[in-house]
Amino acid sequence: MPDNDFSLEPFGSVRRTQTGREATEPMRDDIRLLGDILGDTVREHSGEDVFDLVERARVEAFRVRRSEIDRSEMTALFSGVDTAKAVPVIRAFTDFALLANVAEDIHRERRRAVHIAAGDPPQDSSLAATYAKLDAAEIDAATVTELLAGALVAPVITAHPTETRRRTVFETQNRITELMRARVPGSTRTADGKDLGLELRRHILRLWQTALVRLSRLRITDEIESGLRYYPAAFFEVIPAVNAEVRDQLRDRWPGADLLAQPILRPGSWIGGDRDGNPNVTAGVVRQATGRAACMAFGHYLTELTALEIELPLSARLVTVSDELTALADQVDQPLRADEPYRRAVRAIHGRLTATAKTILDDRPPNLRELGLPRYGSAAELLADLDVVDTSLRDHGDALLADDRLAQLREAVRTFGFHLCGLDMRQNSDMHEEVVAELLAFAGAHPDYRSLNEDERVALLTAELSTRRPLTRPDDDLSELARKELGIVRAAAEAVAVYGPETIPNYIISMCQSVSDLLEAALLLKEAGLLDAASGYAPVGIVPLFETIEDLQAGADIMDAALALPLYRGIVAARGDRQEVMLGYSDSNKDGGYLAANWALYRAELELVDMAARNDIRLRLFHGRGGTVGRGGGPSYDAILAQPPGAVRGSLRLTEQGEVIAAKYAEPKMARRNLETLVAATLESTLLDVEGLGDRAEAAYAVLDDLAARARECYADLVHRTPGFVEYFETSTPVSEIGALNIGSRPTSRKQTTKISDLRAIPWVLAWSQSRVMLPGWYGTGTAFADYIAEGEKLGEDRLEVLSDLYRRWPFFATVLSNMAQVLAKSDMGLAARYAELVPDEALRERVFSKIVAEHDRCIEMFKAITGYDDLLADNPALARSVFNRFPYLEPLNHLQVELLRRYRDGDEDELVQRGILMTMSGLATALRNSG
C-alpha cells in the first residue's frame, strides 16, 4: 500500500484463514476509509511536515511489529522532536484510536446481524439466548419467584481520570458512528439527503480541530455532567425498553408469578457522593448531583409529554374514554381541544409536572407548561395519571397507541422516578471514627471514644442508636471536618425528602474492618434523620466495603457479629431483610496481586452466602470493578457467570468506570448490547447451575487456596519487599504526572504518602497500563502455577492436568486465565523497557525490571501449558483482531509519552509538554479501551 495512506497495514505474513480475512474485510475497509480521511485532514490543516512525521511513525511502527527494525529507531525518530510538532502527532494517533473504536463497534454489530439473518442460534450473553436456556431448564414458578424477589441489576457510573473526553468529542464520535452505519451498499446519502462522504469529512475535521482534553483540572461539577450525558445519549431509550421486555418475557413464561414488580435495570452513580479521599465533595456538591439528575429526568418526561400530546389527537366524536380519563382531561380548560380528551389529559399531566419541577428543582428543564395545576407529591402519582391514559386507551381498543410512546414513558417513570439514578454516599471508616469521636465528646456521651476497645465501642454506639435524641444541632460549634461530614449527610437527607427514598440508596463504608465501623456510619445517618432504629425507618442501606485480602477474609465474621446485635438486625429487617455488601477488586489486587485477590473475592462471596443463609437474610453483592482486569474488569458476562453459587440471586450491582463507560454506553445500540449482557448473566447465574464443579468443589477450592498463597508470596516479594520498588514505580511510570496534570477531581492518594498501600487503585493500575507493563493483571500467577506443578512432579502427581481440568470445567478458573491472557496480550515488555530507562538508578532498574520480564514470560508459558493454546487470544478472536489491527498505532503514543516525560522531569516547563503528556494518556486509554 502507498506510504501516504494513514490507514491499516495489510495482514502480511500473519496467518489468517481466507474465511477470517473475508469476515473482517468490511471492518478493514471502514478503518481504511476513516484513516484516509483523517490523513487528508492532517495534511491539509497541519501541514506536510506534521503529516510526514505521522506517516513515518506509522510505517516505522509496522516495521517494528514485523521485526524489520529495532525499537531504537522509533526512539530516535522522536528524540529531540519539536514539541509543537509532537503534539499534533499525538492528536493524530489519538483520533485514529477513536475512529478505530467506531469501526470495531460497527463491525461487531454487522457480524451479529449476519448471524441473525443466517438463522444462527442467538449468541451467548444475549437475552434471546438466555430465554432459550431458561425454557430448556423447565424451572417451576415458585423457584423463579423466590430467586427473583427484589431483582436488581444496577450499573453504577463513577468518575474516572482516564475518561477525559469533552462532550463535543463524545458527540462528534457518536455522529461519525451514525454516518458509518448509514454506509450500506448502494447508499451514498444520509436520511436527510446529505452526501455521506462529505459529512464524514466534515465531522472528522471537527474532531481534528476540537481539543481532546481540557486544559484545567476537572471539577466534580464537570464529572457530574459527564456522567449524566449517557442518559439522553442512550439510557432513556434503552433501559426502559429492556426492563419492559424482560418483565414481559418472564411473565409470559411464568404467568402466575407476578415477576419483576420493580424494573430490574436501575442505574446508579457515585459522582458527587463518593468523598472517600476526595475533599472536593461537599454538601453543595451532593445537592448539585441529585438536583441535576432530577432535572434531567424531568426534562425527559416533559419532552416526551410534549410529543405525546401531539400524537394523541383522538376525538370524542370518534372514540369512547373512561370516566377517569375524562376527569383528568377536565382539569384543563381548553375550548379548542374540547373534543380531544387525550390531548387535554396529557396537557394536565404536563401542567402538574411543570408545577412539580418549579417547586422542587433549582434548575429549569425544557418544555415547561404552566397551567396553575397542583404539583405531584411523588413519581408514583405521575405514574398513576399516565396509567389512567393507558387504561382508557386499552379498554377502548387502542392498545396499539398505548404500546408506543406512552408505554415507553410509563416505563421510564417506573425506572427513573423523580431522582433519575441512585446516588451512593461513600466515606472511609477512619473519617467516621474521627467525626463520631468528636460528636460523642461534644454531646457528653463519652470523652474519648477512640480509647475504647471494640466491645466498648459497640456497646456505646448501640445505646446511642437506640435513642431518638440527636447528639448535635446544625448550628453547633464543631470542627470543620465534623461540620462538613454532617452537612453532606444532611444534604443527602434533603435529597431523599425532595426526590424520594431511592435518591440515596446506600451509604458505603470504605475500609470497613469491624462492627463499630458499621455502627459509626449508622450514627451519622441518625444525626441527619436518615435512620430511626426505634421506628424502623431506614431508607439508606449501610454497606460495608471489604477491600484488602484480610478484610475480605474477615467479612462474613463481621456481618455475623453485626447481625447478632438486635439493633442492627432490626435495621436490616426495616430494609426488607436485605443486606448489601461491597467487594473491592482494586485494593485487594493492589494488596495481594491478581490471582490472590480474585480467589479472596471468590472465597469471601462463598462465606457471605453462607452468612446470609445462617441469618435468614437476602444478600446483595456490589462489585467494585474497574475497567482493567487488574481492577476486576474483563467481559461482564463471563465475570458474572464465574460468581460462586448463590452469590447473585437476582441482584447485582457493579461499578462502571473510565473509558469503559463510553465504550459500553455511548449510544443506544452499544448500550442495549451491554445492558442485555448484564441482565442475561444475572438471570442465568440466578436460575441455572453455572459453576459446574458439583461434589468436586471443595477439592477445587483447596487447589486455589494453595495457588493463591503462592501467587501472593511472589507478588509481595516484588511489590512489598523489594528495596526501591516504590521509587521504580514512580520513575518508570507516569503515576506522578497523573497527580500533577489536572486529571480528574480526585487526588491520587488518600493521604500524603509514598506507600503503595495508600495510593489509590486507579492511578496504580492506570500507570502500569500506560507503561504497557499491566502488572496488576498477571504478576505472581505464573510463579504460582509453575511452583505448584513442579512440586507435584516431585510427588509423582500430574498437577498440570489438574489445572487443565479445572480450566475446562470451572467458569471462575477459566475466566481468571482468559482475563490474564487478555492483559498479557496488551502488555509489551519492549515498550516497558523504554519506560524502565526513565529510572535513574541503573541497579534498581535492572533488579526490578528483570523480575517483571521473567514473571511475564512465566505467565505466558503457564497459560499455554494449562489451556493448550498457542495463542494468548485463541478464545477471544474479536480482541485478537483489535490487538492486531490497532496496536502498531499505540507504539508512537508510548514513545512520545516517554520522550515528553523525560523532558518534563528534566525541568522543561513548556505548557505544551504537559499537555502532550496528558494527551498521550488519553490516547492510550482510548486505544486500550480498558486501561483504568
Of those in region 324-361 that are not acidic (Asp, Glu) and not in a helix (DSSP H, G or I), the residue farthest from Glu311 (Cα to Cα) is Leu361
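Results for (1) surrounded by fewer than 19 Cβ atoms within 10 Å (Cβ to Cβ); (2) more than 30 Å from Asp403 (Cα to Cα), shown as yes or no for each residue.
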site	(1), (2)
Thr221	yes, yes
Gly273	no, yes
Val281	no, yes
Ala293	no, no
A careful count of residues in region 85-113 that are among the β-branched types (Val, Ile, Thr) and over 12 Å from Thr177 (Cβ atoms) gives 4
If you go through Val802, Val823, Val839, Val816, the only one that is in contact (Cβ under 8 Å) with a residue 40 or more places away in the chain, hydrophobic (A, V, I, L, M, F, W, C) and either at positive phi or not in a helix (DSSP H, G or I) (or both) is Val839
Of the listed residues (Leu718, Leu678), the one being buried (at least 22 other Cβ atoms within 10 Å of the Cβ), in contact (Cβ under 8 Å) with a residue 60 or more places away in the chain and part of a helix (DSSP H, G or I) is Leu678
If you go through Glu605, Glu580, the only one that is modelled with pLDDT of 95 or more, within 21 Å of the chain's Cα centre (by Cα) and assigned to a helix (DSSP H, G or I) is Glu605
Of the candidates Ser850, Ser882, the one satisfying the condition of being out of contact with any strand residue (DSSP E or B) (no Cβ under 6 Å at 6 or more places or on another chain), in a helix (DSSP H, G or I) and at pLDDT 90 or above is Ser850
Exercise for review: Might you let me know whether region 415-437 holds any residue that is farther than 16 Å from Val515 by Cβ, touching a helix residue (DSSP H, G or I) at 6+ places or on another chain (Cβ under 9 Å) and among the β-branched types (Val, Ile, Thr)?
Suggested key: yes
Over region 472-508, the set of residues in a loop (DSSP other than H, G, I, E, B) and surrounded by 21 or more Cβ atoms within 10 Å (Cβ to Cβ) is Ile504, Pro505
The correct count of residues that are in contact with a strand residue (DSSP E or B) (Cβ under 9 Å, 6 or more places away or on another chain) and either among the aliphatic types (A, V, I, L, M) or on the phi < 0 side of the Ramachandran plot (or both) in region 636-653 is 9
Against the condition charged (D, E, K, R), touching a residue at least 40 places away in the same chain (Cβ under 8 Å) and not in a helix (DSSP H, G or I), how does Arg834 come out, does it pass?
no
Among Arg721, Arg649, Arg653, Arg712, the single one that is more than 30 Å from His107 (Cβ to Cβ) and within 12 Å of the chain's Cα centre (by Cα) is Arg653
Practice task
Could you please let me know if Ile558 is closer than 25 Å to Asn280 by Cα, surrounded by 17 or more Cβ atoms within 10 Å (Cβ to Cβ) and either within 26 Å of the chain's Cα centre (by Cα) or not aromatic (Phe, Trp, Tyr) (or both)?
Solution key: no
Of the candidates Thr143, Thr94, the one satisfying the condition of being touching a helix residue (DSSP H, G or I) at 6+ places or on another chain (Cβ under 8 Å), in a helix (DSSP H, G or I) and within 30 Å of Tyr231 (Cβ to Cβ) is Thr94
Within region 370-406, restricting to residues that are basic (Lys, Arg) and part of a helix (DSSP H, G or I), the one that is farthest from Thr356 (Cα to Cα) is Arg394
Selection from region 231-258 of residues in contact with a Ser or Thr (Cβ under 8 Å, 6 or more places away or on another chain), at pLDDT 95 or above and surrounded by fewer than 21 Cβ atoms within 10 Å (Cβ to Cβ) yields Trp254
Pairing a residue in region 268-296 that is under 15 Å from Phe418 (Cα atoms) with any residue that is of a type in the set (Phe, Trp, Tyr), where Cβ atoms lie under 7 Å and the two sit 6 or more apart in sequence or on different chains, gives Thr290/Tyr499; Ala294/Phe418; Ala294/Tyr499; Met296/Tyr231
With respect to Leu409, determine if the residue is modelled with pLDDT of 95 or more, of a type in the set (A, V, I, L, M), assigned to a helix (DSSP H, G or I) and under 26 Å from Gly227 (Cα atoms). yes
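When only residues in region 328-368 that are of a type in the set (A, V, I, L, M) and surrounded by fewer than 13 Cβ atoms within 10 Å (Cβ to Cβ) count, which is modelled with the lowest pLDDT?
For region 328-368, the residue satisfying everything is Leu336.
The values are calculated or read from the model by the stated rules, or taken from the named source; none is laboratory data. What you are looking at is a predicted structure, and each value in this text was computed from that prediction instead of being measured. Heads up, the Cβs are rebuilt from the backbone with ideal geometry, glycines too, and the neighbour counts pull from every protein chain shown.
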